[in-house]
Amino acid sequence: MSESCSISKPYYILAAVFRNKYIERGELYMIRNKKTIHLLLAMVLLLITAFPASVLAEENTEKITGIAWENSTSIKLNVSESKQLRVIAKYENQSNKFVELTSESVWSTSNAKVATIKNGKVTAKTFGEAVITAKYGDFLIEALITVDAKVKSLKSSNTSYRLNKGAEGALPTVKAFFENGTEQDVTTLIKWTLSSPNAEMSNGKIKGLAPGRATLSGVYLNKSITIPIAINEELVKIESSSKSLQLNIKKGKTLQVSGTYSNGKKVNLSSNIKWESSNSSIAKVTGSKVIALAEGSTTLTGSYQGQTVTVQVNVVPLLVKVTPSEKKLKLTPGGNGTVNLTATYDTGKTISVTDQVVWTSSKPVVATVTNGKIVAVSKGTASIKAKFGTKTVTISVSVK
């Protein structure tokens, strides 16, 4: 090799200068010209002097030590609401550098029925809880998502209270009805307050302290309910308007109960009585209404503030018709005939009721009747009527 300026050994320089023609094509050049070497070294020295080493250092040389939420780790949403979650990097020198890793993270949810996740966007599906997880490399973080559906209305098991002075009553159970059509028992989630010192709350109960009125108010999320409370003198007795009832199957009747207080005041307690049936397969009570279920008898016992009342219930099938064995009789004076009566019920059941029928004759001088036995007295015609329950039949008698 011959050069205008000889060199005893080759000099290798990697030209790491911005857009340097020696590495534009990614090639490594062997440079033997000292003048060229001196020029390049001068340029490098100039760059080092003009710029700090940090500028020339490779970008993002700081080590990531973890990831974190830009948002809160606990988020509350209503059903159908969405929220964008963001993941950021944490560095070993705890610098304030902000590098978002949301799109690079792998997302998952613990309960897709409650909340779904896509590219960091969480969408609430139904009320409940779900844990959203973001994973980047070996790092993992979690966020708790709590979903509350918007409450449409609240319904309490009690619409009012009547308490004696010193007596207690259990706080009501409450159901929440949501706009998405679902419902939930929120009894333990209701926050209750009382409007008056006439009553107090303790251990899930309301106690009447002094005669008067108070209002029980309950709040759950965005809805509230109010329940009036009347505090009376001591209850002396309770009475039902009916001591016994007869009902047809599938029929019902409202039970009316009144109460008398120590000061003589009487009040309607029908909606406050708690009923129990001795045989709930025969009849049951819903609210203040007794419903007949099957043929038979049962005893209903109602209680309220230490007082009780009983009502006997007899359930019978519905009488459809009564049928005589004979519709017409022809007799001679002194002769007799017998007519039997059969009752038919809505259950299909038939029984002989001859001895239970009320028998009458339109003309006893022509014919008489006793328990279905008709005796001809003299010539003529007579109508024999047989009445059982709500049904009546007529038998024509001709005496010749």
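The values are calculated or read from the model by the stated rules, or taken from the named source; none is laboratory data. Here the structure is a predicted model, which is why all the values come from computation and not from measurement. Backbone-built Cβ (ideal geometry, glycine too); neighbour counts: all protein chains shown.
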| request: Test Gly259 against the stated conditions and say whether it is buried (at least 16 other Cβ atoms within 10 Å of the Cβ) and of a type outside the set (Val, Ile, Thr). | output: yes
Checked Lys327, Lys289 against criteria (of a type outside the set (A, V, I, L, M) and under 18 Å from Gly372 (Cα atoms)); the one match is Lys327
When the range 130-159 is checked residue by residue, the ones that are over 17 Å from the mean Cα position of the chain (by Cα) and not aliphatic (A, V, I, L, M) are Thr133, Lys135, Tyr136, Gly137, Asp138, Phe139, Glu142, Thr146, Thr159
Counted residues in the range 187-232 being closer than 20 Å to Lys274 by Cα and at pLDDT below 90 come to 1
Residue set Lys330, Lys400, Lys321; condition under 30 Å from Ser280 (Cα atoms) and basic (Lys, Arg); output residue Lys321
How many residues of the range 85-136 are part of a strand (DSSP E or B) and either at pLDDT below 90 or touching a Ser or Thr at 6+ places or on another chain (Cβ under 9 Å) (or both)? The answer is 25
Considering residues that are farther than 22 Å from Ile64 by Cβ and of a type in the set (Ser, Thr, Tyr), the number found within the range 104-121 is 3
Filtering the range 339-356 down to residues that are in contact with a strand residue (DSSP E or B) (Cβ under 8 Å, 6 or more places away or on another chain) and in contact (Cβ under 8 Å) with a residue 12 or more places away in the chain yields Val339, Asn340, Leu341, Thr342, Ala343, Thr344, Tyr345, Asp346, Ser352, Val353, Thr354, Gln356
Among Lys327, Lys265, the single one that is of a type in the set (Lys, Arg), in the same structural domain as Ser378 (by TED's automatic domain parsing) and over 30 Å from Leu77 (Cα atoms) is Lys327
Residue hits (the range 176-207; part of a strand (DSSP E or B), out of contact with any strand residue (DSSP E or B) (no Cβ under 8 Å at 6 or more places or on another chain) and within 15 Å of Gly218 (Cβ to Cβ)) are none
Within the range 147-160, the residues that are within 12 Å of Val219 (Cα to Cα), of a type outside the set (Lys, Arg) and at pLDDT 90 or above are Ser153, Leu154, Ser156
When Thr323 is run through (1) in a strand (DSSP E or B); (2) within 30 Å of Tyr161 (Cα to Cα), the failure sits at (2)
If you go through the range 161-175 one residue at a time, do you hit one that is in a strand (DSSP E or B), over 24 Å from Gly306 (Cβ atoms) and at pLDDT below 90? no
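Okay, residues lined up against (1) part of a strand (DSSP E or B); (2) in contact with a Gly (Cβ under 7 Å, 6 or more places away or on another chain); (3) in contact (Cβ under 8 Å) with a residue 60 or more places away in the chain; (4) not assigned by TED's automatic domain parsing to the domain that holds Leu171:
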{"site": "Ser217", "(1), (2), (3), (4)": "yes, no, no, no"}
{"site": "Ile227", "(1), (2), (3), (4)": "yes, no, yes, no"}
{"site": "Leu247", "(1), (2), (3), (4)": "yes, no, yes, yes"}
{"site": "Thr260", "(1), (2), (3), (4)": "yes, no, no, yes"}
{"site": "Ser281", "(1), (2), (3), (4)": "no, no, no, yes"}
{"site": "Lys284", "(1), (2), (3), (4)": "yes, no, no, yes"}
{"site": "Ser297", "(1), (2), (3), (4)": "yes, no, no, yes"}
{"site": "Thr301", "(1), (2), (3), (4)": "yes, no, no, yes"}
When Ser105 is run through (1) touching a residue at least 40 places away in the same chain (Cβ under 8 Å); (2) buried (at least 18 other Cβ atoms within 10 Å of the Cβ); (3) of a type outside the set (Phe, Trp, Tyr), the failure sits at (1)
In the set Thr370, Thr347, Thr381, Thr308, the lone residue that is in contact with a Gly (Cβ under 8 Å, 6 or more places away or on another chain) and of a type outside the set (Gly, Ala, Ser) is Thr308
